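Quick notes on the structure that follows.
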Amino acid sequence: MQIENKENLSQRTASALKSMIVDKNKYKPGEKLPNENVLADELKVSRTTLREAIRILVSEGLLTVYRGRGTFVSDVLNQYVDGGSLHVEDVLAMKVTLRDLYEARLIIEPEAAALAAKRATDEEIEEILRLGDICQKQIKKNPKSKKRIESEVNFHGAIMKASHNDFLTQFTPILTETIEKTFALEENLDMIAQDAYNDHIVIMKFLERRDSAGLKSASIMHLRHALWDGNLTESL
């Protein structure tokens, strides 16, 4: 019961902070949030609860945590969803960042997927396949929608979590930021969607079979497709 209450408090805190950002516009896209002590006092919660709330909003793509710099309100996804335009210099900077993020994912994610094939419980595999089906439906329904972005994050995030390696799962925000910025660029999204749809089929088949080597290879190919489709393989 105590665990449930703690989770409810974290969720309520996340909702309150989200309202401050989205509804009250207290913290704007790209703006850094106050330090933990100040924000925890403002929300009248402990720092532990605040951290859990921030993790929730990071998973939703509303916040981004930069090590050594602090927590910021995400700006790229908001620009995309709200129909805002990006300047040329923003696009170039984002491409450099994206290339770095995809390279990081290529180092981390295939290994996490291989571990997931070995370590995931039957229930976890069933849940990942369910999330994969949702993602596939969103791709077919509207490949550029916010729901599709969220479903993509949920699907790949669940695979990372199923690796049962706490260190690897700390890289989930990298996954989230990469997906958000890929969509914000609005470059070759139809091609990215088609490749993603096909790649997901292969990924889910290998996962269902618990084929570790196959899942690792499928994850590498999936990320390389995104790099190629997004024109991120060449130097800028």
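What follows is calculated from the coordinates using simple rules that are stated; it is not laboratory data. Computed from a prediction, not measured in an experiment: that's the story for all the values here. Ideal geometry is used to build each Cβ from the backbone, glycine not excepted, and the neighbour counts take in all protein chains shown.
Extension gain for Y66-N188 works out to 41.1 nm (0.36 nm per residue, less the C-alpha to C-alpha distance). Estimated at 0.36 nm per residue, the fully extended path between S19 and R209 surpasses their Cα-Cα distance by 64.1 nm.
With K and R counted +1 and D and E -1, the other residues having a Cβ less than 11 Å from that of S219 yield a net charge of 0. Excluding same-chain residues fewer than 8 positions from K18, which lysines have a Cα within less than 17 Å of its Cα? List returned: K26, K28, K32, K44, K146.
Please give me the summed charge of the neighbours of K18: other residues whose Cβ is under 12 Å from its Cβ, Lys and Arg +1, Asp and Glu -1.
Details: positive: R12, K24, K26; negative: D23, E60.
With Lys, Arg at +1 and Asp, Glu at -1, the net is +1.
Near K205, which lysines are there with a Cα under 20 Å away, not counting those fewer than 8 places off in the same chain? Filter leaves K118, K137, K140, K161, K216.
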